[in-house]
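Chemist: Quick one: this structure, given as structure tokens, is what I'll be asking you about.
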Amino acid sequence: MFFKLRGIYSTALTAILIDEEMKPTQTSEVIRSRFNLPNEVKPHDVMIIDTDDLQGIKIRGRKEAVDKVLSKIRETFPYTVVWRCRPQLNAIYVGIIKKVVRDYEYVVNLGENEGILRTANTYYEGDKVLVCVKRTYYDRPCELSENITLVGRYARIILGGKHAVSPHIRDPERRAELLALAYSMNTGKWGIRWRSSAEHGDLTLVAKEAQELIKEGEKIISINKEEAPKLVKEGEEIAYVRFTMHCKLKADEIRNSVVPTVIGHHYLKSNIEDPELVDFSEFLMIKGFDRVKISEGLLAYLRERSKPHIGNQVKIIHYTLENKAIYLTPGTIIKVDDEKIYIIRRIFKSHGIHDGLNIEKKPGDYALTYLTEGSWWLIHEYYRENGEYLGMYCNINTPIEIWDNRIYYIDLAVDIVKDVEGNIRVLDMDELDEAKKKGVVSEKLYRKALELVNLAKEAMRRTNKANELIQILLMKQEPIVPLTRKPLFGSDYAE
């Protein structure tokens, strides 16, 4: 199997993926130099790139290859959160129209999944239709198209499409050569889009694959549609992996075994706007400067520039195990103490219910939110506008990351609530159980969440105040942050 990697995690991931069975292909010159690799240009079985927000990776390719990549990532980084999309991208189905949403928009039953089809054709409930998965998600129905697509190693053919060349092929002569090849072939109703792998492929093999795909496509569009719902042809697996702070620090150590790497490399690269500062710091390390001192200086400089201060308004971005981003009511920092604990006042402007407490939320109510960078918990105290105390809520999450005016983490679903009568309840344990069942969280992350729940419950029995609760939790478990006073991978962090 061949894997292709691009992005800020490339060196660390190459180090853990490369073996006798999995080999890198179409690598950058930098990666070839670091790993002493030949200039391999064979088509890839799986492609790994950064997500748009740089907080993780997107994996796309053959199921067997994606499975192997995910297995190695989970083995090395058990605190990752993984979402596998269903159904497969470009999978072809005979589906049944389940519901007419509106003119030319339909819900289609695909068997284990459903999809949305938008088309100029008219259908009625119970009609059978040949469709292809155009976009696929973890958390909602896929998008379907009647423009059937088949994917090979060098080419992608699309029913009713136009000939095109991947923008990743930048050589103008090769682009012209591939387009000329497509127009010289008898493609009928099919358009050919040459994939990036075609840049280096033998033109005879490239053309042969496209012809075979068209031949297969013609058979598919003429099949009998009576048996439905039915999968006609498998597509490509898509998975998203989000790296928590723990994972980023572990990736630093792996990368450092290959090339000098500052502590916090991946945390910084995934957040800052001027990554050249990280590159320059690592250049100094190559020249012999001390790693810890360089890392300390860089982190201190960047944090001073980026950390929020008292009086600043901050956004709290709460990522769910369903791969959704929820923006909590923003707030203003009212205190930062010597332990780097932030206290944020958030004022509510609308009616509703205070989560977990099952108490009416009124305009003017406010929360005092306590957190610190790298902590596995977020604590809220709720009050009426007149200062009446309503209760306390402890959120269990992946280590909190703070950059500029953003505070973000992945919510691990389970929460602990203590009301004004002193009753303590654990909420939404079923959501965490479901995430483990679906493979979104690993066994190790699941057990870590249970450990945190028990710590928070025990601490809540000792106090009714959030400022005391967070201090108790800090004594039990120091947050995971770059250059923490504890070893980065001591007993608590060891894999």
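The values are calculated or read from the model by the stated rules, or taken from the named source; none is laboratory data. This one's a predicted model, so the numbers in the text were calculated from it and none came from an experiment. With ideal geometry, Cβ positions are generated from the backbone for all residues, glycine too; neighbour counts draw on all protein chains shown.
Chemist: Would you check which residues across region 102-124 are surrounded by 10 or more Cβ atoms within 10 Å (Cβ to Cβ) and hydrophobic (A, V, I, L, M, F, W, C) and list them?
Modeler: 107, 108, 110, 116, 117 - these are the residues of region 102-124 that are surrounded by 10 or more Cβ atoms within 10 Å (Cβ to Cβ) and hydrophobic (A, V, I, L, M, F, W, C).
Chemist: Same structure, new question: Any idea which of 344, 334, 326 is assigned to a strand (DSSP E or B), in the same structural domain as residue 409 (by TED's automatic domain parsing), out of contact with any Asp or Glu (no Cβ under 7 Å at 6 or more places or on another chain) and surrounded by 15 or more Cβ atoms within 10 Å (Cβ to Cβ)?
Modeler: Matching residue, one of 344, 334, 326: 344.
Chemist: While we're looking at this one, here's another question. Out of everything in region 352-368 that is within 33 Å of the chain's Cα centre (by Cα) and part of a loop (DSSP other than H, G, I, E, B), what residue ends up being surrounded by the fewest Cβ atoms within 10 Å (Cβ to Cβ)?
Modeler: If we take residues in region 352-368 being within 33 Å of the chain's Cα centre (by Cα) and part of a loop (DSSP other than H, G, I, E, B), then 358 is surrounded by the fewest Cβ atoms within 10 Å (Cβ to Cβ).
Chemist: Look through 299, 284 and report the one residue that is outside the structural domain of residue 396 (by TED's automatic domain parsing), farther than 25 Å from residue 37 by Cβ and either under 27 Å from the mean Cα position of the chain (by Cα) or surrounded by 22 or more Cβ atoms within 10 Å (Cβ to Cβ) (or both).
Modeler: On inspection, the qualifying residue turns out to be 299.
Chemist: Spot the failing condition for residue 207; the list is (1) under 30 Å from residue 477 (Cα atoms); (2) without any contact (Cβ under 8 Å) to a residue 60 or more places away in the chain; (3) hydrophobic (A, V, I, L, M, F, W, C), and only one is missed.
Modeler: Of the numbered conditions (1) under 30 Å from residue 477 (Cα atoms); (2) without any contact (Cβ under 8 Å) to a residue 60 or more places away in the chain; (3) hydrophobic (A, V, I, L, M, F, W, C), the odd one out for residue 207 is (1).
Chemist: Which one of 144, 159 is crowded, with 17+ Cβ neighbours inside 10 Å, more than 29 Å from residue 41 (Cβ to Cβ) and over 25 Å from the mean Cα position of the chain (by Cα)?
Modeler: None of the other options fit; the residue is 159.
Chemist: Could you check how many residues of region 164-194 are among the charged types (D, E, K, R), under 18 Å from residue 47 (Cβ atoms) and in contact with a strand residue (DSSP E or B) (Cβ under 6 Å, 6 or more places away or on another chain)?
Modeler: So the answer is 1.
Chemist: Please give the helices (runs of 4 or more DSSP H) falling wholly within region 415-495 in which 1 or more residues are at pLDDT below 90.
Modeler: 466-476
Chemist: Report yes if residue 375 is in a loop (DSSP other than H, G, I, E, B), of a type outside the set (Asp, Glu) and either free of Cβ contacts under 8 Å to residues at least 12 places away in the same chain or surrounded by fewer than 16 Cβ atoms within 10 Å (Cβ to Cβ) (or both), otherwise no.
Modeler: Considered against the rule, which asks whether it is in a loop (DSSP other than H, G, I, E, B), of a type outside the set (Asp, Glu) and either free of Cβ contacts under 8 Å to residues at least 12 places away in the same chain or surrounded by fewer than 16 Cβ atoms within 10 Å (Cβ to Cβ) (or both), residue 375 comes out as no.
Chemist: Please enumerate the residues belonging to region 8-47 that are of a type in the set (A, V, I, L, M, F, W, C) and either farther than 17 Å from residue 258 by Cβ or part of a loop (DSSP other than H, G, I, E, B) (or both).
Modeler: 8, 18, 22, 37, 41, 46, 47
Chemist: Write out, first by first residue and then by second, each pair whose Cβ atoms fall under 7 Å of each other, whose residues are 6+ apart or on separate chains, and whose first residue, in region 311-331, is touching a residue at least 24 places away in the same chain (Cβ under 8 Å) and farther than 20 Å from residue 56 by Cα while the second is part of a loop (DSSP other than H, G, I, E, B) and not polar (S, T, N, Q).
Modeler: The qualifying pairs are 313/330; 314/308; 314/330; 315/330; 329/348.
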